[in-house]
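For reference, the structure discussed in these notes is given below.
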Amino acid sequence: MKRPSLVLRCTLLGIALAACGGPVDPDPGVDRGDSTMVDLDHLAITVSGHAEVFPEAARLLEARGQPVPALDGLPLIIEEPLRVGVSDADSVLGRGDIGAAGTFAVPDVPVRDIHRSLAASFEHEGFVRSSTVVFDTVFTRTRPRTDIIGTRVWAVPTSFHDALTRAIGEPWIRAHTQDRARTLREAGFVLGRVVDASGAPVAGARVVLDHGDLRRIYYPAPDFQGAAQDATSATGLFVYVHSGAEAETFSLSILGSTDYQARSAGATSGMGLVLTLYPGSYPP
C-alpha cells in the first residue's frame, strides 16, 4: 500500500541522476582497485567485506569484563533500505553467511533494484536489527558498475542498544515518538561515528540534517551515563531518534566542514542504521 511512495522517490532519483550530466565514475566509498567490471547485461554484482561488532560496543563489553560475541556463521542480508522502509516484498537483494574472521561475500546482487542505497543488514539473537550502507547512490550519483569490495558492516549487540537507550532516556524517546516507543529499537534510530582521516573519533563535531528536527540528535557521553545535544564527545558518537512512525530519508553532514560530504541516511521503526562520517570519499 506504500509502493506509490517508493515509485515517486525512485522517479525523483532517476531525474536527479539524469540532471548530473555525463557519466560519473561511481564511488562506493571503498577501494575498488581489485574489483572487476560486472556483466552489464545482467547487472549483478558481488558485495564482499568484513563484519564485526560496532567498535564502541566492543569496548563497552570489554570494560564490563564481558566477551565480545563472534559473528562467524551468522546470516547476512543485502537489501535496499528504501524498499525496506516502505515494506516492499522485494527489498532483499541477496543473502549470505559471515565466514571465518568476519569475512563475507554475497554474489548476484541485482544492480537495477538499487534506488537510493545498498545496505548489508544483520539480525540475530543478542543483536538488534541493523543495516550498514555499503553504496550510496545519492552521494555517487549513479548505481554501482563494479563489485563492491572491502566493505565494513557493523553489528549492534542488544546490551549496547540498551546502554544507548538509557543514555538518551526513555522519557525523551517517548516524547520524540508521541509515546509510540520506549526504546531506540522500537522508535528506529541512526547510530553514527564521526572520524578523521586516520579513523580516530572526532570530538566537538555537530551533525546536521538536510531537513528534520535537530532536537532528535543526541551525543552519548563516553561512559554512556547520559547524552548531550551540543556536539560529539571523545567517542565521536551520535544517535538520531526516529519518530516510530513512517520511514523517512534524509542526508547527514558536519556543520561548518566542507571536508565531510553529505551522506544518505534513513530511519524506520524496529531497526537501526549504522554509518560512519569521514572526510573525503574513501573510509580510513
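Here is a yes/no grid of residues against (1) open to solvent by 10 Å² or more (accessible area, probe 1.4 Å); (2) within 30 Å of G99 (Cα to Cα):
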position: E125; (1), (2): yes, yes
position: S130; (1), (2): no, yes
position: R143; (1), (2): yes, yes
position: W172; (1), (2): yes, no
Within segment 66-92, residues more than 19 Å from A267 (Cβ to Cβ) and at pLDDT 90 or above come out as Q66, P67, V68, P69, A70, L71, D72, G73, L74, P75, L76, I78
Test for A187: is it touching a helix residue (DSSP H, G or I) at 6+ places or on another chain (Cβ under 7 Å) and modelled with pLDDT of 95 or more = yes
Can you tell me which residue in segment 145-170 is surrounded by the most Cβ atoms within 10 Å (Cβ to Cβ), limited to those that are closer than 19 Å to S48 by Cβ and hydroxyl-bearing (S, T, Y)?
-> T151
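Within segment 174-185, does at least one residue satisfy the condition of being of a type in the set (D, E), open to solvent by 10 Å² or more (accessible area, probe 1.4 Å) and within 27 Å of P283 (Cα to Cα)? Please lay out each step first, then the result.
Of the residues in segment 174-185, the ones of a type in the set (D, E) are 179.
From what is left, the residues that are open to solvent by 10 Å² or more (accessible area, probe 1.4 Å) are 179.
Now restrict to residues that are within 27 Å of P283 (Cα to Cα): none.
The answer is no, given that none of the residues of segment 174-185 is of a type in the set (D, E), open to solvent by 10 Å² or more (accessible area, probe 1.4 Å) and within 27 Å of P283 (Cα to Cα).
Report whether or not R95 is touching a Pro at 6+ places or on another chain (Cβ under 7 Å) and modelled with pLDDT of 70 or more. Walk me through how you get there before you give the answer.
Numbers: touching a Pro at 6+ places or on another chain (Cβ under 7 Å): yes; modelled with pLDDT of 70 or more: yes.
Considered against the rule, which asks whether it is touching a Pro at 6+ places or on another chain (Cβ under 7 Å) and modelled with pLDDT of 70 or more, R95 comes out as yes.
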Taking segment 207-249 on its own, how many of its residues are hydrophobic (A, V, I, L, M, F, W, C), within 23 Å of Y278 (Cβ to Cβ), open to solvent by 20 Å² or more (accessible area, probe 1.4 Å) and touching a residue at least 60 places away in the same chain (Cβ under 8 Å)?
-> 1
Given the conditions (1) in contact with a helix residue (DSSP H, G or I) (Cβ under 7 Å, 6 or more places away or on another chain); (2) small (G, A, S); (3) open to solvent by 20 Å² or more (accessible area, probe 1.4 Å), every one holds for S253 apart from (1)
Consider G204 carefully, then state whether it is free of Cβ contacts under 8 Å to residues at least 40 places away in the same chain, on the phi > 0 side of the Ramachandran plot and in a loop (DSSP other than H, G, I, E, B).
-> yes
Can you give me the ranges of the strands (runs of 3 or more DSSP E) entirely in segment 231-284 with at least 1 residues that are of a type in the set (D, E) and more than 14 Å from the chain's Cα centre (by Cα)?
-> none
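Test E170 against the stated conditions and say whether it is at pLDDT 95 or above, farther than 23 Å from P283 by Cα, within 18 Å of the chain's Cα centre (by Cα) and among the acidic types (D, E). Outline the logic, then answer.
Working: at pLDDT 95 or above: yes; farther than 23 Å from P283 by Cα: yes; within 18 Å of the chain's Cα centre (by Cα): no; among the acidic types (D, E): yes.
Judged against the criteria, E170 is not a match.
The values are calculated or read from the model by the stated rules, or taken from the named source; none is laboratory data. Just so you know, these numbers come straight off a predicted model, no measurement behind them. Counting neighbours? That spans all protein chains shown, and the Cβs are built from the backbone with ideal geometry, glycine included. SASA here: full protein model, heavy atoms, side chains in, ligands and nucleic acids out. Shrake-Rupley method; radii C 1.70, N 1.55, O 1.52, S 1.80 Å.
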